[in-house]
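Note sheet for the following structure.
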Amino acid sequence: MPLVILVLISGLYYSIKLGFPQILHIKDMVKAAGSANKSEKGLNSVQSFIFTAARTVGVGNIAGMATGIYFGGPGAIFWLWILAIFGSSISMIEGILAQTYKVEVNGEFKGGPAYYMENGMKNAKLGKTFAVAYAVITVIGVTFLMPSVQTYNIVQGLNQAFGFNVVIAGVIFSAIMGIVIFGGLKRIGNVAQRLSPIMAILYFLMSVVIIIFNIDKFPGVIMLIIRSAFGMDSVFGAMFGAAVSWGIKRGVYANEVGIGTSAITSASAEVDHPVTQGMIGGLSVFMGSFFVCTTSAVMILITNSYNTIGSNGKLVVEHLPEIAYGNPFVTNAINTSLPGLGEKFIAISILCFAFVALTAYYLYTESNLIYLIGGNKLGIFIQRIFFIGSVFIGSVISADTVWTMGDIANALMAWINVIAILFLGNTAVKIYKDYNEQKKMKITPVFDGDKLGLKNVSDAWSPRYNKK
């Protein structure tokens with residue numbers, strides 16, 4: 001709960017400081033995400049948005065929403081909305097800082113929290129301490145703890161839909177993952193750009209179709225979510241704390257709010273101005289929360305395809321006897337209106353989403369490893385082997401274990417990153433305000449760190465000064 005409060009207060013603070021761009025400048029965010037300039041050293045804006053959104057349109061939104069409802073009740077969805085509204089400002093701050101302090105290593109852009117902590121903080125020793133701690137935790141957490149959630153949901157989905165052996169599926173999937181990540185950043189970006197958008201649209205449309213089949217129940221579901229969020233529902237009245245914590249927890253997992261990993265993707269992009277990338281980060285949180293998370297959750301609730309467990313360990317709602325939480329809730333929701341389609345559709349959806357999310361995970365851990373050891377190719381090779389092994393492990397462990405591992409990694413990264421953001425956020429606010437002032441003057445915004453009095457700004461921006 002202390003971390004939940006810290007994230008919410010930080011999000012509210014920076015929303016006010018930035019002037020609520022997540023509400024007033026949605027049009028600019030969409031425009032920023034749609035500019036696909038070619039990049040020789042990183043991802044273009046479209047690829048960057050897809051990578052950032054890959055986590056927001058993936059396992060966190062499908063199995064994650066089911067998990068949130070199971071432990072936190074329907075009210076968890078309301079608190080996920082609150083996180084999205086205020087948390088998008090944190091993602092904007094992270095994206096701006098990541099671009100400002102990115103570096104070029106082996107011909108590719110790298111960056112993220114470790115880089116902006118070291119180069120952005122006024123106290124160099126404190127910045128270095130934060131940076132090393134974050135990088136170490138991210139390398140360990142993203143390499144060994146987080147991949148299993150994705151693989152577990154992939155192999156379980158394939159097993160339920162097609163009868164595939166989970167171990168064999170895990171071996172084949174791990175091998176394919178290895179081929180992609182050994183191909184480098186450009187191959188990863190190209191795979192994501194082709195795979196993620198089509199599946200995201202199909203999943204969203206499927207959710208909408210199921211909701212339309214049950215549209216008469218829609219007003220009641222919305223009221224259930226709101227009443228449960230504040231402990232006013234007769235069934236979920238004692239679950240206020242669980243609703244808040246699980247709504248924020250699943251929102252953080254699904255949308256990366258506060259943990260800093262989306263900033264690593266942001267740093268790998270080549271854009272015209274740091275604020276452009278900040279807007280892309282903010283938009284990804286909105287897209288994941290209000291389009292995919294919400295439709296996914298409403299689809300589960302509107303079809304009564306869920307169970308909810310109380311703090312005493314006993315079920316307070318049991319609509320699906322002997323059905324495990326996670327993907328089965330969503331498959332059952334689809335099957336209520338389209339019998340026999342749920343398992344296959346969710347298995348394919350999870351396969352595509354989780355695959356893209358895992359490639360994003362790999363970028364996260366590699367970027368932080370490079371921060372710690374530089375461009376040492378042997379070290380990077382060993383890390384790739386460990387990562388692929390960790391991907392496989394997810395096929396042979398339990399659901400409770402994989403979700404706990406993922407949440408531990410997220411929490412450790414979030415504590416360090418959000419505290420650092422409180423030290424560094426005003427730098428991003430200054431860059432954002434300068435960007436807006438140039439826009440008001442009807443000139444193309446140019447980022448100039450010297451003009452803003454910033455030190456240690458990335459050399460990647462120097463050629464841009466000369467071009468302008």
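What follows draws every value from the coordinates through simple rules; no lab data is involved. Note that the coordinates shown come from a computational prediction; the quantities given were computed from them, not determined experimentally. Heads up, the Cβs are rebuilt from the backbone with ideal geometry, glycines too, and the neighbour counts pull from every protein chain shown.
How much length is gained if the chain between K217 and F20 is pulled fully straight, taking 0.36 nm per residue apart and subtracting their Cα-Cα distance, in nm to one decimal? Present the calculation step by step, with values, prior to reporting the outcome.
Values: separation 197, 0.36 × 197 = 70.92 nm, distance 3.29 nm.
Between K217 and F20, full extension yields 67.6 nm more.
Tilt of helix 185-213 relative to the longest C-alpha principal axis of the chain, in degrees (0 to 90, nearest 10)?
Rounded to the nearest ten degrees, it is 40.
Based solely on C-alpha atoms, express the radius of gyration and the Dmax of the chain in angstrom.
Rg then Dmax for the chain, in Å: 21.2, 66.
In nm, give the distance between the simple-model label positions of A238 and I408, each being 7 Å from the Cα along the Cα-to-Cβ direction.
3.0 nm
Provide the per-residue ³J(HN,Hα) series for region 373-389, in order, calculated from phi with Karplus coefficients 6.51, -1.76, 1.60 and θ = phi - 60°, each as a whole number of Hz, with x at glycine and proline positions.
Using θ = phi - 60°, the values come out as 10, x, x, 4, 5, 5, x, 5, 4, 5, 4, 4, 5, 4, 4, 4, x Hz.
Pop a pseudo-label 7 angstrom from the Cα along the beta-carbon direction at both N165 and D448 and give the gap in nm to one decimal.
Label-label distance for N165 and D448, simple model: 6.6 nm.
How would you rank 359-372, 382-395, 19-32, highest first, on the average number of other Cβ atoms within 10 Å across their residues? Can you show the working numbers first?
On the way: 359-372: 25.5, 382-395: 19.6, 19-32: 16.6.
In descending order of packing, they fall as 359-372, 382-395, 19-32.
Could you state the number of Å between the C-alpha centres of region 206-280 and region 296-325?
Distance between centres, Cα-based: 18 Å.
Given R₀ = 22 Å, FRET efficiency for I385-V136 by Cβ-Cβ distance, to 0.05?
The formula returns an efficiency of 0.70 here.
Taking H as built 1.01 Å from N, whose amide H comes closer than 5 Å to the amide H of V317, not counting residues under 5 places away?
Under 5 Å from the amide H of V317: T308.
Could you pull out every residue, at least 5 positions away or on a different chain, whose amide H is within less than 5 Å of the one on N214? Hs are placed 1.01 Å off N in the peptide plane, and Pro or chain starts have none.
Amide H to amide H, under 5 Å and 5 or more residues apart or across chains, N214 pairs with nothing.
Which length gain, in nm to one decimal place, applies between T401 and I373 when the Cα-Cα distance is subtracted from 0.36 nm times their residue separation?
Length gained, T401 through I373: 7.0 nm.
What nm value, rounded to one decimal, do you get for the distance between F182 and H319 when each label is placed 7 Å out toward the C-beta?
Each label point is offset 7 Å from its Cα along the Cβ direction, giving 4.6 nm.
From the square roots a ≥ b ≥ c of the eigenvalues of the alpha-carbon gyration tensor of region 191-328, which class results: rounded (a/c under 1.5), prolate (a/b over b/c), or oblate?
Numbers: a/c = 2.27, a/b = 1.67, b/c = 1.36.
It is prolate, given that a/c is not under 1.5 and a/b is the larger ratio.
I need the phi-derived Karplus couplings for region 221-228: 6.51 cos²θ - 1.76 cosθ + 1.60, θ = phi - 60°, integer Hz, Gly and Pro marked x.
Along region 221-228, the couplings run 5, 4, 5, 4, 4, 5, 4, 5 Hz.
Nearest 0.05, what FRET efficiency do I226 and N426 give at R0 = 41 Å with Cβ-Cβ as r?
Result of the calculation: an efficiency of 0.75.
Students often check this: by mean Cβ neighbours within 10 Å, which of 63-72, 81-90, 303-312 ranks highest, and how do the rest follow?
Result, highest mean Cβ count within 10 Å first: 63-72, 81-90, 303-312.
Suppose every K and R has +1 on its Cβ and every D and E has -1 on its Cβ; what is the size of the dipole of region 2-467 about the Cα centre, in Debye to the nearest 20?
Roughly 960 debye, rounded to the nearest 20.
Let me check I've understood the local charge: for R384, count other residues with C-beta under 12 angstrom from its C-beta, Lys and Arg +1, Asp and Glu -1. What total comes out? Let's see the in-between values first.
Values: positive: K377; negative: E366.
Once positives and negatives cancel, what remains is 0.
Using θ = phi - 60° and the Karplus curve 6.51 cos²θ - 1.76 cosθ + 1.60, what whole-Hz ³J(HN,Hα) does each residue of region 292-302 get, with Gly and Pro shown as x?
Using θ = phi - 60°, the values come out as 9, 4, 5, 5, 5, 5, 5, 4, 5, 6, 5 Hz.
Suppose a student asked you for the relative contact order of the chain, using Cα pairs under 8 Å spaced at least 6 residues apart; what percent would you report?
Once divided by the residue count of the chain, the mean separation gives 34 percent.
What value, in deg cm²/dmol to 500, does the helix sum -39500 (n - 2.57) over DSSP H runs of n ≥ 4 give at 222 nm once divided by the residues of the chain?
-23500 deg cm²/dmol
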